[in-house]
């Protein structure tokens with residue numbers, strides 16, 4: 001008996017969210033099939049890749065990454081360099097230096113960097129904070145004001161900060177808002193409901209449902225993403241029909257496989273290659289599980305994941 005293929009499509013669809021302006025603006029989401037199921041129906045908006053730039057620089061980065069940004073003296077310089085990477089669709093400014101327990105860079109310093117980057121490149125911009133709720137709320141508010149009209153995404157509003165971030169970024173300044181929850185479908189849904197009740201439109205929300213490096217409790221991340229996609233499409237749950245963005249770099253480059261020296265672990269091989277492999281494997285897995293955009297750091301990782309996406313689309 002001949003095999004008859006039956007495409008699996010859904011009447012429901014993921015919301016399409018646009019980030020950035022002009023010719024370089026990107027749209028994530030919009031599909032009505034399971035992740036990467038382009039053989040069932042056309043996926044108009046392929047998954048996107050962002051380049052993470054650290055405000056603390058890359059002095060302690062692996063040799064290849066450090067060499068790539070050699071000569072860059074500011075975040076704007078790094079952004080211009082990152083914009084040349086094939087496969088890069090947006091720039092992610094990670095202000096980890098704002099952490100009060102770290103470099104404690106002022107919000108004004110960070111905002112000045114963000115403005116300089118916006119003037120230097122025309123790619124869409126995503127802003128990540130330092131995981132300190134008070135500092136991040138102030139940072140997102142002032143970046144949203146300074147970059148009004150740029151249609152940026154602030155990543156992200158949490159249960160503790162959604163009112164401040166949602167009201168400033170999403171309502172006052174018309175930016176896109178990331179909704180960050182901790183690897184739990186119910187928490188993700190609750191935060192989306194809270195943001196929409198606040199007045200943020202669904203097509204202005206991008207979910208960040210949590211992440212981890214492959215092998216580090218990663219099955220919880222994958223199962224959460226899969227459950228969210230199945231509920232959004234199969235059950236037509238419109239509170240979960242927002243696209244997902246996953247910061248991969250900050251997790252992948254901080255596990256032992258990516259940082260243990262070759263002197264300590266000679267049997268593991270080249271340390272930079274290990275980090276690239278960890279970043280690629282993690283990104284590939286979350287794309288297959290349902291994320292619409294990943295944030296990576298190494299040019300070689302970006303090139304590899306970009307080839308994968310192109311081959312599957």
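Values quoted throughout were computed directly from the atomic coordinates according to the rules given, and no laboratory measurement underlies them. Every value quoted in this text rests on a predicted model; they were computed, and no experiment measured them. Ideal geometry is used to build each Cβ from the backbone, glycine not excepted, and the neighbour counts take in all protein chains shown.
Please tell me the relative contact order of the stretch 1-125 in percent, rounded to the nearest whole number, where contacts are Cα pairs under 8 Å and at least six residues apart.
25
Counting other beta carbons within 10 Å of each Cβ, put 313, 207 in order, fewest first.
Ordered from fewest to most neighbouring Cβ atoms within 10 Å, 313, 207 come out as 313, 207.
With an 8 Å cut-off on Cα pairs and a minimum separation of 6 or more residues, tell me the relative contact order of the stretch 96-182 in percent.
Computed value for the stretch 96-182: 26 percent relative contact order.
Take every DSSP beta bridge with both residues inside the stretch 19-308 and express the antiparallel ones as a percent of the total, to the nearest 5.
5
Given a cut-off of under 8 Å on Cα pairs at least six residues apart, what relative contact order in percent is computed for the chain?
Normalised by residue count, the contact order of the chain is 20 percent.
May I have the convex hull volume per residue, in Å³, for the Cα set of the stretch 112-264?
Dividing the Cα hull volume of the stretch 112-264 by its residues yields 133 Å³.
Calculate the FRET efficiency for residue 145 and residue 63 from the Cβ-Cβ distance with a Förster distance of 51 Å, rounded to the nearest 0.05.
0.85
Can you give the percent of C-alpha pairs in the stretch 79-163 whose distance is more than 14 Å?
Pairs farther apart than 14 Å: 60 percent.
Quick one: if the Förster radius is 25 Å, what FRET efficiency do residue 265 and residue 307 give, using the C-beta to C-beta distance and rounding to 0.05?
After rounding, the FRET efficiency stands at 0.30.
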